[in-house]
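First up is the structure itself, then whatever we jot down about it.
The values are calculated or read from the model by the stated rules, or taken from the named source; none is laboratory data. Computed from a predicted model, the values in this text were never measured in an experiment. Backbone-built Cβ (ideal geometry, glycine too); neighbour counts: all protein chains shown.
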Amino acid sequence: MLDNDFSPVVEADKAHVWHHLFQHKALESRDPRIIVEGKGLSVWDQNGREFLDAVSGGVWTVNVGYGRESIADAVREQLVKMNYFAGAAGSVPGALFAEKLISKMPGMSRVYYTNSGSEANEKAFKMVRQIAHKRFGGKKRKILFRERDYHGTTIAALSAGGQPERNAQYGPFAPGFVEVPHCLEYRAQWDLTGEAYGQRAADAIEEVILREGPDTVGALCLEPVTAGGGVITPPPGYWERVQEICRKHDVLLHIDEVVCGLGRTGTWFGYQNYGIEPDFVTMAKGVASGYAAIACCVTSERVFDLFKTDASDPLDHFRDISTFGGCTAGPAAAIENMRIIEDEGLLDNTLAMGARLLDNLNALSEKHAAVGDVRGKGLFCGVELVADRGDRTPLDEKTVAAVVAECDRNGVIIGMTNRSLPGLNNTLCLSPALTVSAEQIDRISDTIDAALTTVLG
Ligand code: PLP
């Protein structure tokens with residue numbers, strides 16, 4: 001493959017592909033990067049250059065690494081037998097993956113298949129609205145979301161989006177979505193620390209519920225660890241209080257595990273680090289590590305029960321479908337993906353290598369004044385860069401991008417929050433595959449160390 005001449009591919013891409021999150025003017029002076037092969041954590045571009053991928057496919061997806069033949073085999077075997085059937089019929093891998101998934105999610109019970117993280121979230125939003133109509137005369141239908149969280153790219157998902165820079169120019173948005181404050185202690189909104197800060201940030205959610213009226217608020221949708229909004233790990237005490245508040249006001253708790261799901265934080269799901277009992281859990285990226293497109297909205301039995309109350313009423317079920325929710329490649333790949341995570345002990349590796357990465361990154365803060373805050377859970381880490389440690393002025397986007405580019409030049413692909421968008425985009429993001437070794441972890445942090453020295457002195 002690497003011996004091929006990729007120039008026709010490059011020309012075809014330049015002529016016809018509209019790239020994600022990208023200003024195409026840049027391609028007037030250079031070629032696009034085409035990733036042509038991957039193995040483990042390595043990827044090769046069209047020129048045969050090898051990179052160590054520290055972001056699992058750019059957006060935290062390829063949890064078990066590249067080149068997994070057993071996943072390809074499982075998908076092939078399934079596709080030649082039965083590739084697709086949609087609607088009310090089930091499928092063999094659909095049933096078996098649901099059973100395997102639920103076995104890792106005590107308290108949850110039903111898996112609703114769909115295509116993308118955005119869509120999985122929209123399914124949960126629709127369920128919340130329908131529950132409001134079924135139980136509360138349509139009133140308890142508002143959905144709370146948090147500043148800096150992201151739940152997807154469709155209009156309703158953007159309506160629940162806490163990153164204004166992603167929303168600019170795409171309004172008007174759907175009504176009924178209300179923002180609550182973020183919980184990042186480094187950008188403190190209250191003069192408190194530790195557990196007191198966590199509880200205060202959670203109390204801010206209750207203040208919004210009380211302001212809006214508890215009889216109008218149906219659900220609270222949160223990322224367990226905010227991803228693209230800054231790799232925000234919750235302060236201690238936050239989640240316990242959030243759970244209490246939801247129970248007190250009969251607000252359903254929707255956890256968006258699109259990034260944290262399937263091992264990223266060292267537990268099967270991010271929420272399991274915090275003892276949360278959710279009503280909805282949505283997931284996508286790591287479910288099949290990008291080997292096939294699959295996403296799901298998982299609900300508790302309590303939620304599912306609300307949708308089978310009156311068989312004589314034709315409207316009294318979840319009247320929703322996803323065409324490609326009937327593809328079998330996704331669950332076939334997902335079963336094998338979970339087997340790999342289990343059999344190779346990848347949750348343990350995530351905890352061990354995540355701790356090593358965090359230690360290495362913390363060591364950088366002793367050496368580089370630009371390292372303002374280091375955060376992380378498992379193999380999901382962020383380094384917030386500042387121009388001034390005293391007043392915590394964020395480092396400007398161009399300089400942060402130069403650090404990312406310098407790492408790239410040295411063969412390590414890292415990410416940054418909301419690249420190409422103005423706003424809180426001063427955090428380096430790291431999320432290598434869960435198979436990462438100690439040597440690879442050290443190479444990632446050494447490369448960042450060198451890049452900070454080159455760019456900032
Ligand atoms: N939720 C979170 C937390 C995400 O980070 C993303 C995408 O990055 C989504 C939802 C949307 O997922 P998708 O791009 O599959 O629609």
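Data overview
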quantity: Test: residue in segment 217-230 that is of a type in the set (D, E, K, R) and more than 22 Å from the chain's Cα centre (by Cα); calculated: no
quantity: Failed condition for Tyr186, given (1) within 16 Å of the ligand (Cβ to nearest atom); (2) of a type in the set (Phe, Trp, Tyr); (3) in contact with a strand residue (DSSP E or B) (Cβ under 8 Å, 6 or more places away or on another chain); calculated: (1)
quantity: Hey, Leu101 surrounded by 21 or more Cβ atoms within 10 Å (Cβ to Cβ), out of contact with any Pro (no Cβ under 7 Å at 6 or more places or on another chain) and touching a residue at least 24 places away in the same chain (Cβ under 8 Å) or not; calculated: yes
quantity: Test: residue in segment 120-135 that is within 16 Å of the ligand (Cβ to nearest atom), aromatic (Phe, Trp, Tyr) and surrounded by 15 or more Cβ atoms within 10 Å (Cβ to Cβ); calculated: yes
quantity: Leading residue by the ranking (nearest to Gly290 (Cα to Cα)) among those in segment 40-84 that are surrounded by 18 or more Cβ atoms within 10 Å (Cβ to Cβ) and polar (S, T, N, Q); calculated: Thr61
quantity: The one condition in (1) in contact with a strand residue (DSSP E or B) (Cβ under 7 Å, 6 or more places away or on another chain); (2) over 30 Å from Glu342 (Cα atoms); (3) of a type outside the set (Val, Ile, Thr); (4) not in a strand (DSSP E or B) that Gln440 fails to fulfil; calculated: (2)
quantity: Subset of segment 221-273 that is closer than 20 Å to Glu147 by Cα and hydroxyl-bearing (Ser, Thr, Tyr) - its residue that is surrounded by the most Cβ atoms within 10 Å (Cβ to Cβ); calculated: Thr226
quantity: Some residue of segment 429-437 being touching a Phe, Trp or Tyr at 6+ places or on another chain (Cβ under 8 Å), among the hydroxyl-bearing types (Ser, Thr, Tyr) and not assigned by TED's automatic domain parsing to the domain that holds Leu184; calculated: yes
quantity: First in segment 223-243 and of a type in the set (S, T, N, Q), second anywhere and in a loop (DSSP other than H, G, I, E, B) and within 16 Å of the ligand (Cβ to nearest atom), Cβ under 7 Å, 6 or more apart; calculated: Thr226/Arg148; Thr226/Asp149; Thr233/Val225; Thr233/Lys377; Gln243/Ile276
quantity: Residue pairs meeting the criteria (Cβ under 8 Å; at least 6 apart or on separate chains; first of a type in the set (Phe, Trp, Tyr), in segment 62-76; second surrounded by fewer than 13 Cβ atoms within 10 Å (Cβ to Cβ) and outside any helix (DSSP H, G or I)); calculated: Tyr66/Lys39
quantity: Criterion (small (Gly, Ala, Ser), under 20 Å from Val281 (Cβ atoms) and modelled with pLDDT under 95) met by exactly one of Gly229, Gly261, Gly266; calculated: Gly229
